[in-house]
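The structure under discussion appears below in the form of structure tokens.
Read the figures in this text as sums done on the coordinates, not as results from a lab. Model, not experiment: these values are computed from the prediction. Here the Cβ positions follow ideal geometry from the backbone for every residue, glycine too, while neighbour counts run over all protein chains shown.
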Amino acid sequence: MTEHLIEYVARDRTGITAVVTPTGVIDVDTVIQHIRAGHAGYYVAADSWRRTPVRSMSFIGGTYLFANWDGSKRNMLHDLAFRAPTRTVEVPQTDPWFTRVVGALFGRRPVRH
């Protein structure tokens, strides 16, 4: 049985859709079939010396992948989801209402610093 390291997971609003291994991207349904049939094993490197196996869990709505390396009941595979980089957006500072009223009355705008 071959074993594959899961480096990242791809998610959407319904859950994990694909896993990223050093050899490529694999659809989650294929991963579940491999685990159930015993053809391949998947694991997560929780830290540098310990491997956490990924299991296929069944529930009423279907089957999902599950891995937990800290002893809690939380599915920690979601922690491996790639997060898109964020950037800050500058919001222009608005003038206080009094400054706008004075500017409208006297026909000029005050100098901004």
Relative contact order %, the chain, counting alpha carbon pairs below 8 Å whose residues are six or more apart = 20
Once phi for every residue in the range 21-32 is put through the Karplus expression 6.51 cos²θ - 1.76 cosθ + 1.60 (θ = phi - 60°), the whole-Hz ³J(HN,Hα) values, with Gly and Pro written as x, are 10, x, 9, x, 9, 10, 4, 5, 5, 5, 4, 4
T21 to W97: extension gain in nm, 0.36 nm per residue of separation minus the Cα-Cα distance?
-> 21.7 nm
Assuming R0 = 35 Å, what is the FRET efficiency of D29 and W49, from their Cβ-Cβ distance, to the nearest 0.05?
-> 0.65
DSSP beta bridges in the range 2-83, what fraction antiparallel, as a percent rounded to 5?
-> 75
Amide H to amide H, which residues 5 or more places from Y8 or on other chains are under 5 Å from it, using H placed in the peptide plane?
-> V20
Applying the Karplus parametrisation 6.51 cos²θ - 1.76 cosθ + 1.60 with θ = phi - 60° to the phi angles of the range 8-16, what ³J(HN,Hα) value in whole Hz is obtained for each residue in order, glycine and proline being reported as x?
-> 9, 10, 9, 10, 9, 5, 8, x, 6
Scan the range 5-60 for trypsin sites (Lys or Arg not before Pro) in coil per DSSP, keeping those whose Cβ has at most 15 other Cβ atoms within 10 Å, and list them by number.
-> R13, R50
Rounded tilt (10° steps) of 97-106 against the dominant C-alpha axis of the chain = 40
Classified through the alpha carbon gyration tensor (a ≥ b ≥ c as square roots of its eigenvalues; rounded if a/c is under 1.5, else prolate when a/b is larger than b/c, else oblate), the range 2-83 comes out rounded
